[in-house]
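Data first, discussion second: the structure below is written as structure tokens.
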């Protein structure tokens, strides 16, 4: 009887055992690889929040002297490939399957600090990238930093739970031929590219006096940060209607970031959805003469793409 109870208990735990991965949070650094008191605080606050809120098994350095020694012996790193063979071997011995790297980027023009975390396995594959922004003036406030780290780990938890749900569903259900209708992919109207960033226009719809344009954004270069300019220092985004009236965006989104100037970490070749919203367009409008999107990509400066003569959809 005891053996049956034990077996049942193990079966109940099995899904969480399968999907719970052990991670090491590396020292956060600036985009140029520098470490300071702020990046050190962010490291520990993120590690604590990830340990408390997500299903990952976080190997905390404060509890593992060997882990602390490995991190201290390595130089400031932002990629698994830069860890020495001996360091990687020791991390694996400690049970780590993923390493989390954190980057702090100070956007001087916007006054915002963007913190991006990248989960990498020991093959160098980036399995998860998430980011969050905080106003520069709040960076020295520990409560504000912890709130930002909670928001960041909240994104990570939601992504992890979705992955686990898919994995558990596949494990329970045998493969079967689907009889349901196939979902058609979203039709791309036009694609424009600049600085290795491809913007695909999925359509613009008019509801009342509000025009919303949906986009898909793909980074064709190495992983990097992108920001939609509404405006940035030099470039901006705008819409021009058939009568020549110009409109500035009142809101925009990129991935899970919804703000006037959304930012996101774009993994190479992975599409991310976005949108722009303009208000005050005449209700009877049927076309847009110009949709201009300004953006920043990594260290390549500011760029623009343009879409012309777009037919408006009317829900």
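The values are calculated or read from the model by the stated rules, or taken from the named source; none is laboratory data. Remember, predicted model here, so these are calculated numbers, not experimental data. Quick reminder, even Gly has a Cβ in these numbers, built from the backbone with ideal geometry, and neighbours come from all protein chains shown.
Per-structure values
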| read-out | value |
| --- | --- |
| Checklist (1) closer than 30 Å to residue 31 by Cα; (2) without any contact (Cβ under 8 Å) to a residue 60 or more places away in the chain; (3) surrounded by 14 or more Cβ atoms within 10 Å (Cβ to Cβ) applied to residue 290, failing item | (1) |
| Meets criteria (under 18 Å from the mean Cα position of the chain (by Cα), surrounded by 15 or more Cβ atoms within 10 Å (Cβ to Cβ) and in a strand (DSSP E or B)) for residue 128 | yes |
| Qualifying residue in segment 77-96 (condition: modelled with pLDDT of 70 or more, closer than 30 Å to residue 227 by Cβ, crowded, with 17+ Cβ neighbours inside 10 Å and more than 21 Å from the chain's Cα centre (by Cα)) | yes |
| Identity of the residue in segment 24-56, part of a loop (DSSP other than H, G, I, E, B) and within 16 Å of residue 106 (Cβ to Cβ), that ends up farthest from the chain's Cα centre (by Cα) | 36 |
| Only one of 251, 264, 242 that is under 20 Å from the mean Cα position of the chain (by Cα) and surrounded by fewer than 18 Cβ atoms within 10 Å (Cβ to Cβ) | 251 |
